[in-house]
Each structure stands twice: as C-alpha cells, then as structure tokens.
1. Out of Glu261, Glu218, I need the residue that is touching a residue at least 24 places away in the same chain (Cβ under 8 Å) and not assigned by the TED database to the domain that holds Ile361. Which one?
2. For Gln199, all conditions in the list (1) crowded, with 18+ Cβ neighbours inside 10 Å; (2) in contact with a Leu (Cβ under 9 Å, 6 or more places away or on another chain); (3) at pLDDT 95 or above; (4) under 30 Å from Gln295 (Cα atoms) hold save one; what is the number of the exception?
3. Just to check your reading of the model, which residue among Ser309, Ser316 is exposed (fewer than 10 other Cβ atoms within 10 Å of the Cβ), modelled with pLDDT of 85 or more and either polar (S, T, N, Q) or outside any loop (DSSP other than H, G, I, E, B) (or both)?
4. Any idea which of Leu210, Leu223 is outside any loop (DSSP other than H, G, I, E, B) and touching a residue at least 12 places away in the same chain (Cβ under 8 Å)?
5. Here are some conditions: (1) part of a helix (DSSP H, G or I); (2) more than 30 Å from Leu121 (Cα to Cα); (3) open to solvent by 50 Å² or more (accessible area, probe 1.4 Å). Glu304 meets all but one. Which one does it not meet?
6. Restricting to region 157-190, name every residue that is closer than 30 Å to Val219 by Cα and open to solvent by 10 Å² or more (accessible area, probe 1.4 Å).
7. Filter the helices (runs of 4 or more DSSP H) completely within region 92-207 down to those with at least 2 residues that are free of Cβ contacts under 8 Å to residues at least 40 places away in the same chain and under 26 Å from the mean Cα position of the chain (by Cα).
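The values are calculated or read from the model by the stated rules, or taken from the named source; none is laboratory data. Here the structure is a predicted model, which means the values were calculated and not measured. For neighbour counting, all protein chains shown are included, and Cβ atoms are generated from backbone atoms with ideal geometry for every residue, glycine included. When the accessible area is computed, the model is the full protein with side chains, heavy atoms only, and any ligands, DNA or RNA have been set aside. Shrake-Rupley method; radii C 1.70, N 1.55, O 1.52, S 1.80 Å.
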Amino acid sequence: FSCNLSDLLCSFLGLLYQEYRDKSTREEIETRRLQDSQTDPEETSPSEETPSEAEPTSTIENKAPPQINLLRNSNSRFNLWQDLPEVQSSGVLSILQPDEIKLQEAMFELVTSEASYYKSLNLLVSHFMENERLKKILHQSEAHILFSNVLDVMAVSERFLLDLEQRVEENIVISDVCDIVYQHTVNHFSVYITYVSNQTYQERAYKQLLQDKPAFREVISQLELDPKCKGLSFSSFLILPFQRITRLKLLVQNILKKVEEKSDRESTALDAHKELETVVKACNEGVRKMSRTEQMISIQKKLEFKIKSVPIISHSRWLLKQGELQQMNGPKTSRTLRTKKLFRDIYLFLFNDLLVICRQIPGDKYQVFDSAPRGLLRVEELEDQGQSLANVFILRLLENADDREASYMLKASSQSEMKRWMISLAPNRRTKFVSFTSRLVDCPQIQCVHPYVAQQPDELSLELADVLNILDKTDDGWIFGERLHDQERGWFPSSMGEEILNPKIRAQNLKECFRVHKSDDSQRRKLGSRNRQ
C-alpha cells in the first residue's frame, strides 16, 4: 500500500487547492439541494451524500458505497478512499459498516486536501516569491510584507502532510487523523496566526505595488498567465493559509459528525476541533486588531464634544455600526407631520460598549451631544403608525451623558436599516426566530450559494456552503443569520443563499452542530454552575 501512496497523492496534486476547495464546496451545496428536494423520509436521510456535479442529480446509485470525498479529478484514477485498488482488492468494503466507510472518506479527504494545499503553497513560493525578475523589482521590506512567513507555513504543511501520509501507510483502514491534527495544531500552527495577522498590511502593500510599480504589475500578470496557475490570480495564492486553516476546522467537524459517540475517536476529534477553533479565532482577531485601531484613531479625530468629553480610543473597544438616522423633534404627543422639519438628521457611532450621538458639522466633523453605555440602551418598534412613520423606532438611554434617562424617536431609511440598528443597539432583544443557543427543535435555515464579503461592521462574510439559522429577515431582502459552525452572527443579502425547506435536514444540521460544540456546552455549564455558586 505504501509504495503507491506517493503516486496516489501526486494524482491529487493535479488540482490546485483553490480548485479543490471550490469543487468541494460546490458539491456540498449540491448535496444539500438534493437532500432538501427529497420529500419521502424513507428515500433519504440527512447523512446521505450526492453524486458529483457532473452526474444528473436526479439519479442516485443505491448500491454504491457512500461517497463522501468531494474531490473529483478527471485526470486521476482515484477519486475516493474506496476507489483505491488496495482497498478494492482487500475485501474490507464488504466487511465495514456504511458509517465506517463514510468516516474513512472524511479522514481521507483531510489528507488529500492537505496534499493539494501543499502543492498550491509550493507554487506560490517557487513560481512567484522566488521569481528572479520579481526579486529585482521588490525591496526586501516589500517582499517581506507581501509574502510574510509563507516559508514557515509551507514547512509546517509539509511536516503535517508527511505525518498524515505515514498514518495512511500504516493500514488500509485509517485508524484516525485527528490525533495528528491536534498535535500539529498545538505545536506548529501558530505560524498561521502570524501569516493571517499580516493580511491587512499584505493587501495594502499589494494594491500599492500594483499602483506605483508598472514593472511589478507586468511581471505578476505574466506569471498569472502561466499554465501552472490554471487561470488563478496571485492574490488567490496569497490568501491560501487563511482559507486552509478555516477549512481544516470544517474537515475535522465533518469527521466529528461521523465518529462513534462517546468513543476515543470522538474525544480526539473534539480536542482537535477545539484547538483549531482557538487558532482560527486568533487569526480573525489578528486581522481585526490593526484595522480596528486605525478606525478608532480616525473616528476620534472627527469628534467634537458639546458635552463632557469621552475617551474613544481603547484596546477593548471597536466600532459595530455607524450611520445617519432622522430624529423626530418635539414630544411624542405632538406628532404633526405637516413639515419635513419635524425630522432632523443625526449621526450615530455605536461601539461594542458605547453609543455616541452626534450632529454632522462642516469639515467632515461630528459634534457629540449625547452618549450612553451600550448596556443601558433599549429599543422599541412603533407598530402601525402609517406611511409617514414607517421605519420609526424609539431609542431609550437609561442613563445618558447627564446621568438621566433620555428617549429619541428615530426614523431609518428602510425596514432593513431600522432592524439592523435595533439589533445592534440592543443585541439581547428577542429576534423574529429563536437562536441556535435556544436548542429549538426547528428554525428557518439557509445555505450560502454565493460568497459574500461584509461591507459594514454588522454584516457577516459568507463562504460557499455555509449553513446559517435565520434569526430575522426584512421585506427588502436582508437576513440576520447565525452561522452554525462558529455561531458568528450578522446581516447579509437574502439573494446570497437558498432556504433549506426540509425539516429533517434542518434538524440534522442542528443535531450535528450541537455535537460538534458539545465540549463548549459542557464548559458553559461549568461556568454557569460556578457563577451560581
């Protein structure tokens, strides 16, 4: 078996990781579409898998062993663990239970996807970073910002892949891979935090180089046209490490959903998942930290205080939402809408712990006339007030800058903007649908079919095949969702996803999510118990 493993992985190396990942997630989408279309509960279970995209989605090979690995490479004789000649000839497929075969495929995918990822990293280094023409154009400092510690990342991937290969060589039936994931995450994957934390500098440097150095732009364009790159951009290679560490967590989740409950393999998978989640969170925090600091400095410069000054810049503070609303003048009892002057423009800066209420003044400045801690904000929607008071809500400051209670009647430009402000201002306010943490038996769900990049702080970036609980939605095309795999919340356009209509699939998605996060739940219960004491 071992003598063919290198050949096997080389066959997978025909796909660059970007292609592998895209194909994998798109087939995941097709899997759910097929499952969602099934109406007879006897015909499908939430754990069944789809055929490849190239095959008609209406036909399912009932007799074929379950096919979990989502890689389809037309140039390779091997698509799946069960397609390996050694596996086919060994007779294990007739002995193993279907659930074990699915688990083998999930573990095998983690190995083959790492091989594909290593190939793409290698191309980033050999084809771009070590290109002699590019070296002459870039200053050493520019090259350092652009490529960061990618050599360390590649060395870690190579070591990780060698250990995974060795495990696969030990036995036709893979014993486990999550113990290897755990060891490497704990001991080596900190290089990902360093690389990803540099992302903001990297993006800025790349844009600046394209703008300021025509020779750089020309060389990059020529290198991108090389057949080795398969039409993929240089920037798609630069973001590989962040994509991989996030995807690796999802691959471990996939394994975790398939291992036997209360087994050693479940325990190992939970440990690996927990460590990966820590690394991913540190990566996210690293990216946010620099941009947040710069943003806070910029806002501080724009504010002029009519009231007692509040220090804005703090390491633990960041912007959640900012924007213009209209304030209704006069008490609620004298609502006469004869003139538009009844509404006056105000501008809000909402931070994670503070609200600042301003009026815009000349010179791109804002005069602050009130503020309150975010925890002392309450909101209330006005119901059935007619067209002139559409999208109006009441904001109450339980204790404002003058240590008094204050109320503002505010009008938003649209229903979605009103709901977005209300949820941001009072995050604990009940949403239309109950959240993941409530353990609701059923809840509307959506899967992402188009990637989305957040444009505002209260929005959520989406990757293909993300599954989210729908917490709220608006009539003008926005959804407030909670992603199942990491419980991140935010707004996104409803056109980015397709609602999951089959209640069995929704229930299965929730069940799998609860299982993946069971260690988090037990930790929360311990903390709750400790707090009660």
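1. Glu261
2. Checking Gln199 against (1) crowded, with 18+ Cβ neighbours inside 10 Å; (2) in contact with a Leu (Cβ under 9 Å, 6 or more places away or on another chain); (3) at pLDDT 95 or above; (4) under 30 Å from Gln295 (Cα atoms), the one that fails is (3).
3. The unique qualifying residue is Ser316.
4. After applying the criteria, what remains is Leu223.
5. Only one criterion is unmet by Glu304, namely (1).
6. Glu158, the sole residue that qualifies.
7. 98-123, 150-170, 178-187
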